[in-house]
Amino acid sequence: MPLVPSYIKNLANYVAGKPIEEVQRELGLSKIIKLSSNENSLGPSPRALAAIRLAMDKIHRYPDANGYMLRKKLADKFDVKIENVVLGAGSEGIMSSIMRTFLLSDDEIISAENSFIGFRVLANTTGKTIHWVPMKNYRYDLESMAAKINEYTKLIYIANPDNPMGTYIKRDEFDEFYAHVPERVLIILDEAYFEYASLIQDYPDSMTYRYDNVITLRTFSKAYGLAGARIGYGFAHDELISNLMKVKVPFEPSYLGQVAGYAALDDSQFLDETIKLNKIGMEYLTSELSNLNVQYIKSVANFITTVWESNEQAAKLTQALLEKGVIVRHLTAFGWPKCIRISVGLIKENVRCIESLKHALFDSIEKG
Ligand SMILES: Cc1ncc(COP(=O)(O)O)c(C=O)c1O
């Protein structure tokens, strides 16, 4: 018997966006901006930060394994029972628990090909049969996904909005799809960018209609600026949650993560500022990209994906931007080698990104 199952051995390592320190070390640059991981360039929610500072001297204690305070606050805010709320080390922590809780030996998974890489990595570790359904026009192809449902289907994953495309599924499209899904099949609706998309009229906020087989996942990593604290949450039927609570790593999420999330929920000022800044940044980036005749995919999240002529051009531009101290994400690992994803940053960061892009494009014409 092999020590490591083949489906693990054959996995590729997860390649994350380059950390600022790594680029500083490699290129000897001091002023670097990171627009590669869809984080909040404003920093963490100030209320969360203050709460973390106050809580720091208690980290010799384990956190509440039931996460009562934060779960209760989330339950009150979203008008559900505490029994409908689960916490995790980021929403990816909850995805991992979902796979360990519900998948039996012959169960199968359906999702979109080249959607959120974090889900793909976790799904591949299960060794299950996974139907990766190609996207259509950079959007989830729900019709083809529905056609893949069979007697073994157990889990369907939908990122709404999607990362890395920033496109979303409309309410009527989801309703139509849902009609094809048997009750025994669980649907994960990953709404990591919910706060950015929620103002769009036909965006289906899954909390406004609760189905017993739908698990909604949300996170403090994006709009609340707490990616490093690893704190996410999910809503679902009591029975699903009670089983997830048995399987999750006992003291996940960390004490500081729970404290930060609790305080961040009160930080509506920071949230408003974040959404406003993102709107201004998105308008600026899209208008500049249009002026440059760069193809991009219309996004409702806090990032925008640009489409280039070739893998080579996208790789060269990413490198050229990196050398100018601007970290963006070439989407090769995601399966979109012609695409570069740019997270919306502070106003001055967006300007620097566009100026650097102009230079890089100009240089490539000169050399070409
Ligand atoms: C669609 C999607 N889901 C989940 C996550 C991860 O969120 P968390 O930091 O809560 O694990 C991301 C992060 O990039 C994402 O893009």
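What follows is calculated from the coordinates using simple rules that are stated; it is not laboratory data. The structure presented is a predicted model; accordingly, all values stated were derived computationally and were not measured. Virtual Cβ from ideal backbone geometry, glycine too; neighbours counted across all protein chains shown.
Would you please state which residues of segment 19-41 a label at HIS359 would reach in this model, taking the label point 7 Å out along Cα→Cβ and a backbone N cut-off of under 18 Å?
The answer is 23-35.
Compute the FRET efficiency between LYS77 and ARG100 as 1/(1 + (r/R0)^6), taking r as their Cβ-Cβ distance and R0 = 25 Å, and round to the nearest 0.05. Show your work: numbers first, answer last.
On the way: r = 28 Å, r/R0 = 1.10.
Taking R0 as 25 Å, the efficiency between LYS77 and ARG100 is 0.35.
Taking every DSSP beta bridge that has both residues in segment 46-264, what percent is antiparallel when rounded to the nearest 5?
Numbers: 9 of 26 bridges.
Close to 35 percent.
May I have the pair-distance distribution P(r) for segment 1-108, computed from all Cα-Cα distances with 10 Å bins from 0 and rounded to whole percent?
For segment 1-108, the binned pair fractions read 9, 22, 30, 26, 12, 0 percent.
Could you pull the Rg and Dmax for segment 185-247, using just the Cα atoms, both in Å?
12.7, 37
Sort 116-127, 241-252 by the packing proxy (mean of other Cβ within 10 Å over each peptide's residues), most packed first. Let's see the in-between values first.
On the way: 116-127: 18.3, 241-252: 16.0.
Highest-to-lowest ranking by the protection proxy: 116-127, 241-252.
Just GLY17, GLY232, GLY281 to compare: in a GNM of the chain, with alpha carbon springs under 10 Å, which one fluctuates most?
Of the options given, GLY17 has the highest mean-square fluctuation.
For segment 46-264, list log₁₀ I(q)/I(0) at each q in 0.08, 0.16 Å⁻¹, using the Debye formula over Cα point scatterers of equal strength and ignoring solvent, two decimals each.
-0.27, -1.09
Using label points projected 7 Å from each Cα along Cα→Cβ, tell me how many nm separate LEU199 and HIS180, to one decimal.
Distance between label points: 3.4 nm.
How high is the FRET efficiency from LYS9 to VAL247, r the C-beta distance, R0 25 Å, rounded to 0.05? Before the final figure, lay out the partial values.
Details: r = 25 Å, r/R0 = 0.98.
Here the calculated transfer efficiency is 0.50.
How long are the semi-axes of the ellipsoid equivalent to segment 54-139, from square roots of 5 times the Cα gyration tensor eigenvalues, in whole Å, largest first? Don't skip to the end; give the middle numbers.
Values: eigenvalues 204, 52, 41 Å².
Three semi-axes, in Å: 32, 16, 14.
Rounded to the nearest 5, what is the percent of antiparallel bridges among the DSSP beta bridges in the chain? Present the calculation step by step, with values, prior to reporting the outcome.
Values: 19 of 38 bridges.
In the chain, DSSP labels about 50 percent of beta bridges as antiparallel.
Say the cut-off is 24 Å between C-alpha atoms; which of LYS136/LYS298; LYS18/LYS316; LYS279/LYS316; LYS34/LYS136; LYS154/LYS248; LYS170/LYS222 go over it? Can you show the working numbers first?
Values: LYS136/LYS298 14 Å; LYS18/LYS316 16 Å; LYS279/LYS316 29 Å; LYS34/LYS136 30 Å; LYS154/LYS248 19 Å; LYS170/LYS222 22 Å.
Long pairs (Cα-Cα over 24 Å): LYS279/LYS316; LYS34/LYS136.
Mind checking the angle between helix 347-367 and the chain's longest principal axis? C-alpha axes, 0 to 90 degrees, to the nearest 10.
Orientation of helix 347-367: about 50 degrees from the principal axis.
What is the calculated FRET efficiency for TYR211 to THR129, with r their C-beta to C-beta distance and R₀ = 41 Å, to the nearest 0.05?
Taking R0 as 41 Å, the efficiency between TYR211 and THR129 is 0.95.
Work out, in µm²/s and without decimals, the Stokes-Einstein translational diffusion coefficient of the chain at 37 °C, 0.692 mPa s, Rh from Kirkwood over C-alpha pairs. Could the numbers behind the result be given before it?
Working: Rh = 21.5 Å.
D, rounded to a whole number, is 153 µm²/s.
Show which aspartates and glutamates lie in cross-link reach of LYS276 when reach means a straight Cα distance below 17 angstrom and same-chain residues fewer than eight apart are skipped.
Of all the aspartates and glutamates, those that pass the test against LYS276 - Cα under 17 Å, at least 8 places apart if same chain - are GLU39, GLU195, ASP267, GLU349.
Counting each pair of different Cα atoms once, what's the Kirkwood radius of segment 245-368 in Å, rounded to one decimal? The partial results should precede the final answer.
Numbers: mean 1/r = 0.0604 Å⁻¹.
That comes to 16.6 Å for segment 245-368.
Can you give me the three principal axis dimensions of segment 213-270 from its C-alpha atoms, in Å, biggest first?
Sorted largest first, the three principal extents are 35, 23, 16 Å.
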